[in-house]
1. Relative contact order for region 1-68: what is it in percent, counting Cα pairs under 8 Å that are at least 6 residues apart?
2. What is the fewest-to-most order of I131, I27 by other Cβ atoms lying within 10 Å of their Cβ?
3. Report the gain in length on full extension from R129 to A177: 0.36 nm times residue separation, minus Cα-Cα distance, nm rounded to one decimal.
4. Around D61, with a cut-off of 11 angstrom between Cβ atoms, what is the net charge of the other residues, counting Lys and Arg +1 and Asp and Glu -1?
5. Among the lysines, select those whose C-alpha is under 24 Å from the C-alpha of K146, and discard any that sit fewer than 8 residues away in the same chain.
6. Can you tell me the orientation of helix 150-183 relative to the chain, as the angle in degrees between its alpha-carbon axis and the longest Cα principal axis, to the nearest 10?
7. Test of the criteria: in region 101-185, which GluC sites (Glu not before Pro) are in a DSSP loop and have at most 16 other Cβ atoms within 10 angstrom of their Cβ?
8. Rounded to the nearest 20 debye, what is the charge dipole size of region 34-101 about its Cα centre when +1 sits on each Lys and Arg Cβ and -1 on each Asp and Glu Cβ?
Amino acid sequence: MLDDVKSDADERMSKSLVALDAAFARIRTGRAHPKLLDGINVDYYGTPTPLNQVANITVEDARTLAVSPWEKPMIQVVEKAILKSDLGLNPATSGDKIRLPMPPLTEQNRRDLTKVAKAEAENARISIRNIRRDANAYLKELLKEKEITEDEERKGEEMIQKLTDQKIKDVDGSLDAKETDLMEM
């Protein structure tokens, strides 16, 4: 019974870490990577569609992304969507390919992006703590219905707390790595 509660909490906390990694991938560093464009939707014949479903996104070099729409009429639509996004990128269209040079980050931009990363990490910590709260509430419910003893409840709460501490340490490690990545020239 306790193992089920722990494994459920572990699975849900791991999903919070995966979501944090996805959020960190959308935060721009000085290098180009295709995940930067994950949040951009384009108007594909009247339907908002993720950019990676209407175009091929590749890394040309360390500071340049290349976007190749699969249909020639989509070039202007993709270009508009990139301009409207809040990424601060200026697309350069040449024939059937859109190049996105990554402007170098200023010190102020780096600090601002670090604040965004810290906010994302705090959201992940809050999510993990909420999962801990839910697991502990479930343990209390089991105790109330006399399915587990008080000792088992205490043991379960200790297991959940150790798991929570480990996951929060993982969040902190991810944040440290992202901050290092953002602050390096």
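Where a number appears in this text, it was derived from the coordinates with a stated rule and is not lab data. Just so it is clear, the structure is predicted and the values come from calculations on it, not from any experiment. Cβ atoms come from the backbone with ideal geometry, glycine included; neighbour counts cover every protein chain shown.
1. Worked out over region 1-68, it gives 22 percent.
2. I27, I131
3. That pair, R129 and A177, stretches by 15.1 nm at full extension.
4. Taking every Cβ under 11 Å from that of D61, the sum is +2.
5. Partners found: K6, K155.
6. 20 degrees
7. Here the sparse-neighbourhood loop sites are E145, E147, E184.
8. Around 80 debye, computed over region 34-101.
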